[in-house]
1. How many residues are assigned to a strand (DSSP E or B) and hydrophobic (A, V, I, L, M, F, W, C) if we restrict to the stretch 138-178?
2. In the stretch 289-339, how many residues are among the polar types (S, T, N, Q), open to solvent by 20 Å² or more (accessible area, probe 1.4 Å) and either within 8 Å of the ligand (Cβ to nearest atom) or free of Cβ contacts under 8 Å to residues at least 12 places away in the same chain (or both)?
3. Pull up the stretch 152-168, narrow it to residues that are basic (Lys, Arg) and more than 8 Å from the ligand (Cβ to nearest atom), then point me to the one that is surrounded by the fewest Cβ atoms within 10 Å (Cβ to Cβ).
4. Let me confirm something: among Gly82, Gly67, Gly96, which residue is assigned to a loop (DSSP other than H, G, I, E, B), open to solvent by 20 Å² or more (accessible area, probe 1.4 Å) and within 16 Å of the ligand (Cβ to nearest atom)?
5. Given the stretch 208-266, what helices (runs of 4 or more DSSP H) lie entirely inside it while holding 2 or more residues that are over 25 Å from Phe283 (Cα atoms)?
6. Considering each of Val72, Val137 in turn, give the residue that is under 30 Å from Arg389 (Cα atoms), in contact with a Pro (Cβ under 9 Å, 6 or more places away or on another chain) and open to solvent by less than 10 Å² (accessible area, probe 1.4 Å).
7. Among (1) basic (Lys, Arg); (2) out of contact with any Phe, Trp or Tyr (no Cβ under 6 Å at 6 or more places or on another chain); (3) buried (at least 18 other Cβ atoms within 10 Å of the Cβ), there is one condition Arg261 misses while meeting the rest; what is its number?
8. Given the structure, is Glu33 on the phi > 0 side of the Ramachandran plot, within 13 Å of the ligand (Cβ to nearest atom) and open to solvent by 10 Å² or more (accessible area, probe 1.4 Å)?
Amino acid sequence: MTDFDAIIVGGGPAGACAGIELAAAGARVLIAEREKFPREKLCGEFISPECLGHFARLGVLERMRDGGGARVSETVFYAPSGRGVSVPSAWFGGGGEALGLSRAEMDARLMARARAAGAVVLEEASLAGVLTDGARVVGVRLHVDGVPLEFRARVTLDATGRHRAVVRRAERELRGAGAAGEGSAEASGRARLVAFKAHLEGARGAPGVCEIYFYPGGYGGLSPVEGGLSNLCFIARARDVRARASDAERVVREVVGRNRRAAHTLEGARACDRWLGVSVESFGRHEPAPFPGLLAVGDAAAFIDPFTGSGMLMALEGGELAASAVSRWLARGTEDFGPLAREYRAAYATRFDARLRLCGLLRRAALAPPALAEAGVLALGASAALRRRLARATRGGGASENHQPDLGL
Ligand SMILES: Cc1cc2nc3c(=O)[nH]c(=O)nc-3n(C[C@H](O)[C@H](O)[C@H](O)COP(=O)(O)OP(=O)(O)OC[C@H]3O[C@@H](n4cnc5c(N)ncnc54)[C@H](O)[C@@H]3O)c2cc1C
């Protein structure tokens, strides 16, 4: 039995960021991560320019620069016909270029920084249960190297991503069997969308450009990453994937390739590592303070639509938001969780609700029938001012330009 101020389950950008901030502020922090880093992760690997400001503040910008990533100066959104509209990375609010770096590299660098800041990091440590005291979460049960161990903390953060492993576990244990995921697509095996990703060589994308393709039932992105490779990540209807025996290469050819630009760019490209695939059950917002003693951060709190390329930014912002609320609460020395839950909920809503609502609307357009997607791209093509405003609004619109560090690659 070991005691911490904060236990963070999940070592992606949200968990690592919260861990760095809390440990740097003097808190005793445990980060429990299921995988061993570095590990590949399904993601578009487009790191929005504003993230660089976060990396600088977390003390990890130099390590990110050393990762050999690619500069991304522009994103071009392609309608199924191949007609494209461009959004320069500078419009996203950071005022600079985006970074193309694999999640294997990025996440390992953040985790190393968390260790250096003083957090205890356990890898290959999987959640086995939550510890409760009455209605309150007071810690977690982990399997570490196959050994069950219990850890207690004043606050636990669920940073396990879209699967919300801690919240679901707490729902089961505090509200009774059957409560977790009740009615969810995952619980009933009805996930409507499936995502795939692999690194490619030989793609014909223009240097420094992220290409987004819309096609019937989904969309995908091709972004340059380190080593001269491109990362292809896409979402397709589960029924279209099943009809192709879940063969990612066939889905690329026959579904993604219905976008004319994708067919051109990907012709002759070859996957140089294994395809990763996951189901995507839902988008949008959950309760950020679901139980006394438990907060949710990153995708565990809200999953923003991947074509915005802003999920990692939200994870970093959310990790910081949670860490600063938790730090203030720890400093007060109180056991009353109510003030922390209220402060975090309010700050979360102010920071994220408007952009999540907007992205919900944009998702409907992105997954609309091809004729509508075509009309949308045409309309956006007519107004640079509108594109710029939308690009900023998917990031909350608040970040000022020209304050982000240069990539210096
Ligand atoms: C198809 C797709 C494309 C995307 N493209 C982009 C993009 O280009 N740019 C962008 O900014 N965002 C993108 N995103 C979103 C981005 O990947 C997420 O928003 C971001 O990873 C969220 O970070 P997180 O730390 O909350 O969760 P995650 O990154 O998911 O990290 C969660 C961590 O928790 C660990 N974990 C899970 N369960 C357990 C458990 N039971 N016990 C212990 N550890 C556990 C996992 O191993 C993982 O390391 C994309 C998402 C998808 C689905």
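The values are calculated or read from the model by the stated rules, or taken from the named source; none is laboratory data. Nothing here was measured: the structure is a model prediction, and the numbers come from that model. Positions of Cβ are backbone-derived with ideal geometry, glycine not excepted, and every protein chain shown enters the neighbour counts. Protein only, heavy atoms only, side chains kept; ligands, DNA and RNA dropped before computing areas. Shrake-Rupley method; radii C 1.70, N 1.55, O 1.52, S 1.80 Å.
1. Residues flagged as assigned to a strand (DSSP E or B) and hydrophobic (A, V, I, L, M, F, W, C) within the stretch 138-178 amount to 10.
2. Of the residues in that region, 1 qualify.
3. Arg152
4. Gly96
5. Of the helices (runs of 4 or more DSSP H) lying wholly inside the stretch 208-266, those with at least 2 residues that are over 25 Å from Phe283 (Cα atoms) span 248-254, 260-266.
6. Val72
7. Every listed condition holds for Arg261 apart from (2).
8. no
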